[in-house]
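Only one structure is covered here, and it is reproduced in the block below.
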Amino acid sequence: MLQAGTHSAGSKRSKRKPVNCSGFWCSLAVEAQADEVHPMVLGAVAAREGVRLYTASLYAILEPAPDGYINIAIDPRTKEAYGLYHLPDGLLGRPQAAMWFTARDSVDEAVQLFTKLLEAEGIL
């Protein structure tokens, strides 16, 4: 069963800061519902319970529109995450890369690690 993430929205000011993502700027990852992430993410985590879904936008320096989107699904039980990077072609976009990786701490650290993995693969 999929769950929304644990990012709390509301009147409380967040202490979270934007993430530096391999020469790009990532918006803060926010919780997402199943219809807000790419279907490939849902397929990858369908058999897992308690997975938390997040999404973030990826920007190049000085660009007003996002260059792409990152969807992260975190399984807190196994400390694994599934990340997908896609380009902004409509709502679902074109997937550029997807992979499982270890996610031990916060969603922001998972996003940062995922972008480092994308950079290592020559995608960013």
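Specify which of the listed residues (ALA65, ALA73) is among the small types (Gly, Ala, Ser) and either surrounded by fewer than 21 Cβ atoms within 10 Å (Cβ to Cβ) or out of contact with any helix residue (DSSP H, G or I) (no Cβ under 6 Å at 6 or more places or on another chain) (or both).
Answer to the check: ALA65.
It is to be established whether one or more residues within segment 85-106 are within 15 Å of TRP25 (Cβ to Cβ), at pLDDT below 90, open to solvent by 80 Å² or more (accessible area, probe 1.4 Å) and not aliphatic (A, V, I, L, M).
No: zero hits.
Only residues in segment 38-56 that are within 16 Å of ILE70 (Cα to Cα) and modelled with pLDDT under 95 count as the first member; pair them with residues that are surrounded by fewer than 17 Cβ atoms within 10 Å (Cβ to Cβ) and among the charged types (D, E, K, R), Cβ under 8 angstrom, at least 6 apart or cross-chain, and list the lot.
These pairs meet every condition: THR55/GLU36.
The values are calculated or read from the model by the stated rules, or taken from the named source; none is laboratory data. Note that the coordinates shown come from a computational prediction; the quantities given were computed from them, not determined experimentally. Cβ coordinates were reconstructed from backbone atoms using ideal geometry, including for glycine residues, and neighbour counts include every protein chain displayed. Protein only, heavy atoms only, side chains kept; ligands, DNA and RNA dropped before computing areas. Shrake-Rupley method; radii C 1.70, N 1.55, O 1.52, S 1.80 Å.
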